[in-house]
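The values are calculated or read from the model by the stated rules, or taken from the named source; none is laboratory data. Because the structure is predicted, anything quoted here is derived from the model rather than measured. Note: ideal-geometry Cβ built from the backbone for every residue, glycine included; neighbour counts use all protein chains shown. When the accessible area is computed, the model is the full protein with side chains, heavy atoms only, and any ligands, DNA or RNA have been set aside. Shrake-Rupley method; radii C 1.70, N 1.55, O 1.52, S 1.80 Å.
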Amino acid sequence: MRYLRSGPRRLQTQDMGAPRAKMVGLRSGEIADRNIRVILEAIRRHGPLTRMELGRHCGLTGPGITNILRRLAEEKLVTSNRRNGVGGGATATEFALRPEGAFSIGVKLRQRRGEAVLIDLSGQVHDRVYIELVPADKVGLVHAAVRDMVDRHAALPIIGLGIAANDWTEDQSNQIAAMSTIARPYVENECTASLLAERTIGSSGREGGLAMIIIDDDVQAGFLIRGIPYSGVHGRAGSIGEMLTGPDNVQLNTVVGFESLRSRIGEQDFTRLLKGEEFSSPSLSQWIREAAGHLLDPIIAMAGFLAPSVVMIGSDLPQGVIEALIHQLSIERRDTSTRPLLTPWISPMKPASFSGGGVALGAALLPFLNTLLLPPASA
């Protein structure tokens, strides 16, 4: 993935041309842009901070920090207050993020359903809608949902649109750009968007790697290595749904994907699950057991090759179902009736920090990461 360099609140379209030759050093404008991002990211992560504390976090000089803070204040991205000194000592000015200084829209797209969220600069969700999609008119329906959200919040500084989808094309981006008053959308696949949400505003630690498994119509995985999403050749990393898994050697998608769940519990109960209802049934419990027995194989492979610090599982399924699946995975790894040896060490497993795996949230972060915040490669 590539992230553009641009000043705060200044939108540019993505460069989709041939890869540029490797540059030696940065131009002065690029250095200034990166320093702005460094300051804003430090305030977002650790703020409120004084100038002296910013200097320790960022390694920049006092005059440079002052100039950047003045610019960020003019852009209404940070605010300042007086901090009282300890024990009645001298006060100092501290600077904090102004979340309402910028907003962004993110859209998650599947074949027949979607989700759109509006977030502020801190990642707080201010609006959320669900979209029923028709493949033949996907662009029109996405545009209508985004337009309605923009109209509802016309007074807010919405700086861009991000889309998380595995089958979105450049032609579709061009169509959206031609129809919308928002700049051309930034696009990533679902797992990468999910990882960006965890990396930027989630609960995962910054050290070590992170693996994310998304269970939906199909099953996919994404990897965050040293803070950077890893996509592999032609973006094929994480295509685990086509793996042959379990003692019966069947494709993971056919056992764990939503079609398997729907056929197991019935359309009515499946709809209840997607609406967030928590319930138990013998058929749902059976699906959880079968899903865990097959999902363990790719998790063992991830542990062996990547050894991530944690494996997260995200889905539109309720939190209780995900937790039950993780519990069953811990049982399966110790079951020697299907595997002759106990499973070797595998990474801790836990649910994703956000509903839906945070895919829509990650999509909404894309405009921020391209124009305001440090991209993962630099953070």
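Things worth noting here:
- In the condition set (1) open to solvent by 20 Å² or more (accessible area, probe 1.4 Å); (2) modelled with pLDDT under 95; (3) over 24 Å from Ala145 (Cα atoms); (4) not β-branched (Val, Ile, Thr), Asn174 is compliant with all but (3).
- Residue count for the range 266-282, restricted to those that are open to solvent by 20 Å² or more (accessible area, probe 1.4 Å) and either among the acidic types (Asp, Glu) or over 18 Å from His327 (Cβ atoms) (or both): 11
- Against the conditions (1) open to solvent by 70 Å² or more (accessible area, probe 1.4 Å); (2) in a loop (DSSP other than H, G, I, E, B); (3) of a type in the set (Gly, Ala, Ser), Gly238 satisfies every one except (1).
- Taken over the range 228-253, the residue count meeting the criterion of being in contact with a Ser or Thr (Cβ under 9 Å, 6 or more places away or on another chain) and in contact (Cβ under 8 Å) with a residue 40 or more places away in the chain is 7.
- If the condition is being of a type in the set (A, V, I, L, M, F, W, C), open to solvent by less than 20 Å² (accessible area, probe 1.4 Å) and either modelled with pLDDT of 95 or more or out of contact with any Ser or Thr (no Cβ under 6 Å at 6 or more places or on another chain) (or both), then the range 293-309 contributes Leu295, Leu296, Ile299, Met302.
- Test: residue in the range 93-100 that is touching a strand residue (DSSP E or B) at 6+ places or on another chain (Cβ under 9 Å), in contact (Cβ under 8 Å) with a residue 40 or more places away in the chain, aromatic (Phe, Trp, Tyr) and under 27 Å from Gly140 (Cα atoms): no
- Boolean, Gly106 is in contact (Cβ under 8 Å) with a residue 12 or more places away in the chain, closer than 24 Å to Ile214 by Cβ and either open to solvent by less than 20 Å² (accessible area, probe 1.4 Å) or in contact with a Gly (Cβ under 6 Å, 6 or more places away or on another chain) (or both): yes
- For first residues located in the range 262-276 and closer than 16 Å to Arg110 by Cβ, partners that are part of a helix (DSSP H, G or I) and open to solvent by 40 Å² or more (accessible area, probe 1.4 Å) and lie 6+ apart or on another chain with Cβ distances below 8 Å form the pairs Phe270/Arg262.
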